[in-house]
Amino acid sequence: MSGQPPIRFGVFTPPITRPNENPTWALHRQLELVEWFDRLGYDEAWFGEHHNGGSELVGTPEIMIAMAAERTRHIMLGTGVTSLPYHHPFLVAERMTMLDHLTRGRVILGCGPGSLAFDAHIMGLDYAKSRQRTSESLEAIMALLRSPDPVSIKTDWFELRDAQLQMRPFTYPHFEVTTAGTSSPSGPRLAGRNGISLLTISASSPAGFEALRDTWQIVEEEAAGHDQQVDRSGWRLVSFYHLADTEDQAREDVRYGLEHLMRYLTTTTPIPLVSDPADIDRSVDELNATGLMVIGTADRMIEHLRKFQAQTGGFGGFLGFGHEMADRPATLRSHELMVREVIPEINRTTLRQRANWARLSEAGGWGDIVAQAQQKATEAYEQGRIS
């Protein structure tokens, strides 16, 4: 992997909070975290779109991006993801183009069908049609971003008539667009068909991890069949983790919120997680054993990421799933350990420092040279005084 470009790191944050907490505080707490991510040096932060369930409170990721952009300087901000079946594609493209200008090129449009079936239910939509509608909407959005001419498209749920965005995107030729996928080939096929990047959400689930072996081949084959170009560096993986200085400390930290997280994910996803959410120690053992999450030290996280590298043949970005398994101080420490100990090891950014230290320490005697020079200067001074 030494010949690969550095992996980008960031956070995919719905966020998932406990439903008995002050919602105003929860939203502002998340914005404060993104400020912290920016100062730490994370590359990206992604906000989800959810409308029910009481735990994922962001219904409009574009608003969170607008707020976060004013508080940050460097970090890229993405929708993780915009649920395309719930919006007219023209409005999605228009809102993101406006944000692209307002942030001067710091936005990414993440697209998907929506992960909560109950969201579709309350809007009177058939969730079984979500993936087909996502495909249709994405085709329209890419046409609006790429076509020099007005676009006309008609489906059974939206229509574009001679449609053209008032402004070209700030980013040339347009801001990055990515589509979400899990363990099925639908996401990779959609990415290849449209020549866009891919966001693999459930990369650490058993089925998701197994699918990683063939994922990029599916993207490339689909791209070739539709005369599109794709780049592996745009492929991002998402996984859960919480890090601490010791394994015991990590276990203690997640007593704060792991049980709620397990119960929420078990309710909303088809992935089997743990046998007893109330038994924290057993849950940690099971999650670490299956690879669904990393709860432990930086060394365990490094091993987790290297397994991803081996399984995929290379990917471009890693996003930690936003959660509140731990309280605020422990959460900040977890991200600090990621930046201080994990990222340098994975991206090999400290090789030169280590090599220089080895050269310095192996040669030795540098202190003696300094002492001799000081002694010589002192002697010369004393001789000058005497004469």
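The values are calculated or read from the model by the stated rules, or taken from the named source; none is laboratory data. Only a predicted model underlies this, so the values are computations on that prediction, with no experimental measurement involved. Using ideal geometry, Cβ is built from the backbone for each residue, glycine included, and neighbour counts are taken over all protein chains shown.
Results, tabulated for the structure shown:
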quantity: Failed item in (1) more than 25 Å from LEU212 (Cβ to Cβ); (2) more than 20 Å from the chain's Cα centre (by Cα); (3) assigned to a helix (DSSP H, G or I), with PRO277 passing the rest; calculated: (3)
quantity: Selection from the range 137-157 of residues that are buried (at least 18 other Cβ atoms within 10 Å of the Cβ) and not in a strand (DSSP E or B); calculated: SER137, LEU138, ALA140, ILE141, MET142, ALA143, LEU144, LEU145
quantity: Some residue of the range 309-317 being assigned to a strand (DSSP E or B), touching a Lys or Arg at 6+ places or on another chain (Cβ under 7 Å), closer than 25 Å to VAL58 by Cβ and modelled with pLDDT of 95 or more; calculated: yes
quantity: Qualifying position, being surrounded by fewer than 23 Cβ atoms within 10 Å (Cβ to Cβ), more than 23 Å from THR266 (Cβ to Cβ) and either out of contact with any Asp or Glu (no Cβ under 8 Å at 6 or more places or on another chain) or of a type outside the set (A, V, I, L, M, F, W, C) (or both), among ARG39, ARG18; calculated: ARG39
quantity: Complete set of residues in the range 39-78 that are under 13 Å from the mean Cα position of the chain (by Cα) and among the charged types (D, E, K, R); calculated: ASP43, GLU44
quantity: Only listed residue being buried (at least 24 other Cβ atoms within 10 Å of the Cβ), touching a strand residue (DSSP E or B) at 6+ places or on another chain (Cβ under 8 Å), aliphatic (A, V, I, L, M) and under 14 Å from THR312 (Cα atoms), chosen from LEU212, LEU198; calculated: LEU198
quantity: Subset tally (residues that are closer than 30 Å to VAL339 by Cβ and not basic (Lys, Arg)) for the range 349-381; calculated: 11
quantity: Residue tally, condition surrounded by fewer than 22 Cβ atoms within 10 Å (Cβ to Cβ) and in a helix (DSSP H, G or I), over the range 228-251; calculated: 7
quantity: Filtered residue count, the range 280-310, keeping only those that are within 26 Å of THR215 (Cα to Cα) and touching a helix residue (DSSP H, G or I) at 6+ places or on another chain (Cβ under 6 Å); calculated: 5
quantity: Residues within the range 252-285 that are surrounded by fewer than 18 Cβ atoms within 10 Å (Cβ to Cβ) and over 20 Å from HIS50 (Cβ atoms), tallied; calculated: 10
quantity: Single residue of GLU56, GLU21, GLU35 found to be in contact with a Lys or Arg (Cβ under 6 Å, 6 or more places away or on another chain) and either over 16 Å from VAL238 (Cα atoms) or β-branched (Val, Ile, Thr) (or both); calculated: GLU35
quantity: Selection from the range 1-58 of residues that are of a type in the set (Phe, Trp, Tyr) and under 21 Å from SER115 (Cα atoms); calculated: PHE12, TRP46, PHE47
quantity: Answer residue from the range 198-212, given it is part of a helix (DSSP H, G or I) and within 22 Å of ARG8 (Cβ to Cβ) and is farthest from the chain's Cα centre (by Cα) among those; calculated: ALA211
